Amino acid sequence: MSLLLRGGRVIDPASGVDAVADVLLEQGRVARVGPGPEPAAARVIEAQGCWVLPGLVDLHVHLREPGQEHKEDIASGTRAAVAGGFTSVCCMPNTKPVNDTRAVTELIVRRAREVGLARVYPVGAISRGLQGEALCEYAELKEAGIVAVSDDGRCVMDCGLMRRALEYAATFDLPVLQHCEDHQLACGGAMHEGRVSTRTGLTAQPAQAESIIVARDLELAELTGARYHAQHLSTAGALRHVREAKARGLAVSCEVAPHHFALSDEACAGYDSNAKVNPPLRSAEHVRAVREALADGTVDAIATDHAPHAVVDKEVEFGRAAYGISGLETCLPLALELWRDRVVPLSRLVALLTYLPARLLGLPAGTLTLGAAADVTVVDPELCWTVDPARFVSRGHNTPFAGRAMRGAARYTIVGGEVVFARG
Ligand SMILES: [Zn+2]
């Protein structure tokens, strides 16, 4: 069965296309972009007034399975992904047990295939049990399906281990993704250290807890020549380091999360634990720096850091609440705010959500070129809605964006030529 998306505005930065055109999907592939005869058996979706984008790609989600299915599982997480317009997601290894063995990687791959919604690419652990002591067996993890390694949630603090991880991962062509946080300096701080933390009296971590690790890691990336990627950067200093490293020609990259360009630490002023996230929401000057880094090309990808939690993890006092935001269903309209605010042009914004992240990890996704996988997101850019966490598809209703007016949403999400989500 083929599927014809008729009359939408096709935006595919990878191939430089931005034009009103029909898109024909056949046998799981992009068969045509542009005019042509309508196949008799085609199902037709009228896409006039909508954008037809390559399916969105998220480098950073927590699906919680195995082990914490009360927060999320692969079925609910990928349902949330496709509702948010994402067709490919990379899931972090801090599950229970940790994804540091072939068996866990295979379980994730198998479950995702059974569920059959978004494509799921597992990220393996850098170190066994995320303990930062001994490296995992990257060869067997890669054979089982991982696309990168990360100890996300924990930072690799040991410099020598980080060097060996970069060298070892490079031999298998696996990028190393770092959660950049000096744990001694951050000291478990619940929020960003600054004027708001002084006012609230909450424990806090300074911006340097992030930027110091980025500076160190970039030195190690230079030493090893390996592919290094900094996750969810949130500070002016860290982004300045990445900018300078890129100017020197290092093969390094970074991502930012929507909450770090859409909210500041003022969101913590009322002690709303839904605004507790790690790295924390930062002061206005850092938010400005994140937006500048998006504008000047320092940032390579927008990634959600989707971190769903159960009510019991969040409905406690701020200091004791779990870190994290359920982000898959609010990312797209928050990203569109960057375009509406003229921070980035539309084609760049689409690239940050599609082929740029796909290219970083070598995923077969992110473009609508002929023969590409038929993963497509049909976006209604003018659809106005208000965030109601109770209506989230994700099991995690933890969001600091409740009540926020949004503009733009996925109308249809298509994976492998099959409609896996349709709004309304
Ligand atoms: Zn992290």
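A short reminder: the numbers here are calculations on the coordinates, not readings from a lab. Source: prediction; values computed, not measured. All Cβ positions, even for glycine, are placed from backbone atoms using ideal geometry, and neighbour counts span all protein chains on display.
Of the residues 268, 159, 90, the one that moves most in a GNM of the chain with alpha-carbon contacts below 10 Å is 159. Backbone amide hydrogens, once placed in the peptide plane, bring residue 411 within less than 5 Å of 378, 379, 380, excluding anything fewer than 5 places away on its chain. Taking amide H positions as modeled 1.01 Å from N, with prolines and chain starts lacking one, the residues under 5 Å from residue 301 and 5 or more places away or on another chain are 254, 256. Of the residues 25, 370, 334, the one that moves most in a GNM of the chain with alpha-carbon contacts below 10 Å is 370. For residue 404 and residue 423, the difference between the fully extended length at 0.36 nm per residue and the C-alpha to C-alpha distance is 4.9 nm.
3J(HN,Hα) along the stretch 70-82: 6, 8, 5, 9, 5, 5, 5, x, 6, 5, 5, 4, 5 Hz, from the Karplus curve 6.51 cos²θ - 1.76 cosθ + 1.60 with θ = phi - 60°, whole Hz, x for Gly and Pro.
What the phi angles of the stretch 279-284 give under the Karplus curve with 6.51, -1.76 and 1.60, with θ = phi - 60°, is a coupling list of x, x, 4, 9, 6, 4 Hz, glycine and proline written as x. By the helix-only formula, in which each DSSP H run with n ≥ 4 contributes -39500 (n - 2.57) and the sum is divided by residues, the chain has a 222 nm mean residue ellipticity of -8500 deg cm²/dmol.
Neighbour counts of C-beta atoms inside 10 Å place 63, 263 in the sequence 263, 63, starting with the fewest.
GNM remark for the chain: springs join alpha carbons under 10 Å apart, and the peak mean-square fluctuation among 114, 26, 181 falls on 114. In the chain, Rg over Rh equals 0.95, where Rg is the alpha-carbon radius of gyration and Rh the Kirkwood radius from pairwise Cα distances. The distance from the alpha carbon centre of the stretch 401-424 to that of the stretch 43-96 is 11 Å, rounded to a whole number.
Sorting 191, 157, 92 by the number of Cβ atoms found within 10 Å of their own Cβ, with the fewest placed first, yields 157, 191, 92.
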